[in-house]
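Worksheet for the structure shown next.
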Amino acid sequence: MMNRKHKSDLVILFATLALMALGLIIIYAIGPMRANVLNNTYGTDYESNYFFLGQLRSIALSLIAFFAAFKWIPAKYVKKYAKPFMIVALILSALLWVLSLAGSSLAKCELGECRWFNLGGFSFQPAEIVKLALVVYLADFLSRKKEEGNLGKWKEFWLPLLIVCGLSLFFVVIAQGDLGTGVTLIAIIFGTLLVSGIPVSQYLIMLVLVLGVSVGAVVTSSHRMERVDAWITTLTNGESTDSTYHVDNAMLAIGTGGLFGVGIGNSVQATGYLPESINDSVFAIMGETFGFIGLFLILVVFVAILLRMLKVAEYTRADDDRLIVVGVFCWFLAGVVVNVMAMTGLVPVTGITLPLISYGGTSMVFIAFAIGLVLQLSCYTSREVIKNEDISSRGRVRGSHNSSRRRSS
């Protein structure tokens, strides 16, 4: 029986909009400082409001994507084109890799890593497209294989799954050098596999294999090993070095904020001390600005979204819809947990943005679309249908009872 449509999850809706608004406020406050740092360091000529206007454009595009997924594009069409969408995402990632190897100006590179397409004044990151494509593809693939009775079979299940997931991780982690996005992809893959119904033994084997490959990707990269060494030094209270500079200043920013923060526009770390203040390090800047109380409330909003996503997944009847919600949950969870833990020295700095708040276009647009898709699916959860049916049933019983009383009188 199909679920009747009901109201969407208002907690997810308003919490998402609140985080976008918060991101705009913090970029408005520290954007001029960022522009000044870049102008003095690299001789650029950014206007003081450049990053605020950029964030405003990103939010406008994200709202369009959000409501497109929520109201305008039926989820059945998103699922229908899951495989072509995945193929396009992989082709774009492969094309970026080829362009970067060829030294083309169409590949935008920063700090030696080429992760963006450069199309004049417009740039976008194909890794974000891979995230969304993988969520939808895995939901469709796993639900079909379960229906066919092929879960866990080598040729029908594991071979095509390993090809798609392996190519996704190769293009993101190896070709683009983006370990942060790689962590998110792994979270999406194993989160959806966990609830798909595959044999536990196979799940654990794959988990061990992927963890082994991940460790190998770290130890074979001098840059990543420097981050691990910096993390160990921070955990053991070792002497500060150049490699610990980022996390040292991040924790200094949070500590300086104290209980209530220094106030909007009064950040010292954003004036050039803390790297990537508007991107990866925005959580630390918010700690300095709003203090412990402010950070706590912000984390409460993140947790509220995550808990409501779990509720939507719990009461979603269709397997493919449930897996989409779980995939988006893992995507969002990985972004929040890894970013917060990196800024507090609990994990190595991995270069992952804080969802809906950090400065950026492609990342915000695609996570907004994904959350909008979850909101659309929240309109069809079985729990609400049961409530509505109970209410209507009570109404019918009450009506019958009253009519009987009227007839007997």
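Overview of values
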{"read-out": "Complete set of residues in the stretch 96-114 that are part of a helix (DSSP H, G or I) and surrounded by 15 or more Cβ atoms within 10 Å (Cβ to Cβ)", "value": "Leu96, Trp97, Leu99, Ser100"}
{"read-out": "Residue under evaluation Leu346, criteria (1) modelled with pLDDT under 90; (2) out of contact with any His (no Cβ under 8 Å at 6 or more places or on another chain); (3) assigned to a helix (DSSP H, G or I), criterion not met", "value": "(3)"}
{"read-out": "Close pairs (6 angstrom Cβ cut-off, 6 or more residues apart or separate chains): closer than 8 Å to Asp320 by Cα in the stretch 138-151, of a type in the set (Ser, Thr, Tyr) anywhere", "value": "Leu142/Ser196"}
{"read-out": "Evaluation of Met86 against (1) in contact with a helix residue (DSSP H, G or I) (Cβ under 7 Å, 6 or more places away or on another chain); (2) at pLDDT below 95; (3) surrounded by 20 or more Cβ atoms within 10 Å (Cβ to Cβ) (one fails), failing number", "value": "(2)"}
{"read-out": "Conditions (1) of a type in the set (S, T, N, Q); (2) surrounded by 22 or more Cβ atoms within 10 Å (Cβ to Cβ); (3) over 17 Å from Val215 (Cα atoms): number failed by Asn150", "value": "(2)"}
{"read-out": "Contacts under 6 angstrom Cβ, first residue in the stretch 78-102 being among the basic types (Lys, Arg), partner crowded, with 18+ Cβ neighbours inside 10 Å and assigned to a helix (DSSP H, G or I), 6 or more apart", "value": "Lys79/Asp140; Lys79/Asp320"}
{"read-out": "Residue that is surrounded by the most Cβ atoms within 10 Å (Cβ to Cβ) [pool: residues in the stretch 334-350 that are under 13 Å from the mean Cα position of the chain (by Cα) and either over 24 Å from Thr192 (Cβ atoms) or touching a residue at least 60 places away in the same chain (Cβ under 8 Å) (or both)]", "value": "Gly335"}
{"read-out": "Residue within the stretch 215-229 that is of a type in the set (A, V, I, L, M, F, W, C) and farther than 24 Å from Cys114 by Cα present", "value": "no"}
{"read-out": "Whichever residue in the stretch 115-147 is in contact with a Phe, Trp or Tyr (Cβ under 8 Å, 6 or more places away or on another chain) and more than 26 Å from Phe190 (Cα to Cα) and, among such residues, is surrounded by the most Cβ atoms within 10 Å (Cβ to Cβ)", "value": "Trp116"}
{"read-out": "Restricting the stretch 186-205 to residues that are in a helix (DSSP H, G or I) and of a type in the set (Val, Ile, Thr), the residue that is nearest to Leu142 (Cα to Cα)", "value": "Thr192"}
{"read-out": "Failed condition for Ala107, given (1) small (Gly, Ala, Ser); (2) in contact (Cβ under 8 Å) with a residue 12 or more places away in the chain; (3) in contact with a Cys (Cβ under 7 Å, 6 or more places away or on another chain)", "value": "(2)"}
{"read-out": "One residue from Leu61, Leu119 being of a type in the set (A, V, I, L, M, F, W, C), more than 28 Å from Phe141 (Cα to Cα) and under 21 Å from the mean Cα position of the chain (by Cα)", "value": "Leu61"}
{"read-out": "Selection count, the stretch 1-23, where residues are surrounded by fewer than 16 Cβ atoms within 10 Å (Cβ to Cβ) and either hydrophobic (A, V, I, L, M, F, W, C) or closer than 18 Å to Ser281 by Cβ (or both)", "value": "7"}
{"read-out": "Selection from the stretch 218-266 of residues that are out of contact with any helix residue (DSSP H, G or I) (no Cβ under 9 Å at 6 or more places or on another chain) and either in contact (Cβ under 8 Å) with a residue 60 or more places away in the chain or closer than 11 Å to Ile285 by Cα (or both)", "value": "Leu235"}
{"read-out": "Those helices (runs of 4 or more DSSP H) lying entirely in the stretch 10-93 with at least 3 residues acidic (Asp, Glu) and either under 25 Å from Tyr380 (Cβ atoms) or in contact with an Asp or Glu (Cβ under 7 Å, 6 or more places away or on another chain) (or both)", "value": "none"}
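The values are calculated or read from the model by the stated rules, or taken from the named source; none is laboratory data. The structure presented is a predicted model; accordingly, all values stated were derived computationally and were not measured. Cβ atoms come from the backbone with ideal geometry, glycine included; neighbour counts cover every protein chain shown.
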